[in-house]
1. Hey, could you check region 94-121 for residues that are small (Gly, Ala, Ser) and touching a strand residue (DSSP E or B) at 6+ places or on another chain (Cβ under 6 Å) and say which is nearest to Ala59 (Cα to Cα)?
2. I'd like to check which strands (runs of 3 or more DSSP E) are fully inside region 127-195 and have at least 3 residues that are under 16 Å from the mean Cα position of the chain (by Cα).
3. Quick one: how many residues across region 98-145 are farther than 22 Å from Leu193 by Cβ, among the basic types (Lys, Arg) and in contact (Cβ under 8 Å) with a residue 40 or more places away in the chain?
4. So which of Ile87, Ile45 ends up being modelled with pLDDT under 95 and not charged (D, E, K, R)?
5. Which pairs do you get when a residue that is on the phi < 0 side of the Ramachandran plot, found in region 43-70, comes within reach of a residue that is charged (D, E, K, R) and surrounded by fewer than 13 Cβ atoms within 10 Å (Cβ to Cβ), reach meaning Cβ atoms under 7 angstrom, with the pair 6+ apart or on two chains?
6. Just give me the residues in region 11-42 being among the polar types (S, T, N, Q) and either surrounded by fewer than 13 Cβ atoms within 10 Å (Cβ to Cβ) or modelled with pLDDT of 85 or more (or both), in sequence order.
7. Being polar (S, T, N, Q), loosely packed, with under 13 Cβ neighbours inside 10 Å and over 19 Å from Phe68 (Cα atoms) is the requirement here; does Asn171 meet it?
8. Suppose we keep only residues that are over 19 Å from Phe130 (Cα atoms) and in contact with a strand residue (DSSP E or B) (Cβ under 7 Å, 6 or more places away or on another chain) within region 145-168. Which one would you say is surrounded by the fewest Cβ atoms within 10 Å (Cβ to Cβ)?
Amino acid sequence: MDIKDLKEFHFITAIVTIPSILKEGILCHRGAKKVNHYDLSMDEIQKRRASKKVPGAKALHEYVNLYFDAHNPMLSKRRDKNNEICILRIRTEILYLPDVVLTDRNASSDYVRFYSSPDGLKYLDKDKIFARYWTHSNQFEYMEHKSIKCSEILVPDKLPPEYFLGAYVYNDAGRLSLLDAGFPLEIIVNPDLFF
């Protein structure tokens, strides 16, 4: 993958958390525990992440985790909440922030590799990360591609709102909810990104 292949990153969140995110920025998992918020994440994944550390750096829960492509297994698992979710669009300049880390698959995976940013982009599989689907007849290929589809950009501690470009929502109801939450940036209704 090359930097020119990227136009934005994604953060999946509940619309009800937007007022807090606009005030505080996107907080790491540990930081978010200190504020009132609605957590979309899955307990079993967070338990795995809680025991993981980025080699030579912080605990995984001390990073904000963004996706290269939100059309991934995480969003698929939350399809029953499409009306309540938005996907924040994040500027690619964050790759140059201090101590940003890239992963070649879901950071909780046993097989994940961590890379410094932006140099680590060359190790990431663009075709698999941006593939529309990750289904395969071979179970091993399916599990591997599913994990690669969730490759991450890890930002230490928090990501300030000045790095936001806008947001995607599933439908007009989501757009109205996001407007009601005070979101000041461009809102794009894009059901194709969701499931």
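The values are calculated or read from the model by the stated rules, or taken from the named source; none is laboratory data. Keep in mind the model is a prediction, meaning the values are calculated, not measured. Please note: Cβ atoms are built from the backbone with ideal geometry, for glycine as well, and neighbour counts cover all protein chains shown.
1. Ala107
2. The qualifying strands (runs of 3 or more DSSP E) are 152-156, 164-169.
3. Total satisfying the criteria: 1.
4. Details: Ile87 fails: modelled with pLDDT under 95.
Within the list Ile87, Ile45, the selection yields Ile45.
5. Ala59/Lys53; Leu60/Lys53
6. Step one: of region 11-42, the residues among the polar types (S, T, N, Q) are 13, 17, 20, 36, 41.
Answer for region 11-42, where residues must be among the polar types (S, T, N, Q) and either surrounded by fewer than 13 Cβ atoms within 10 Å (Cβ to Cβ) or modelled with pLDDT of 85 or more (or both): Thr13, Thr17, Ser20, Asn36.
7. No: the conditions fail for Asn171.
8. The selected residue is Leu165.
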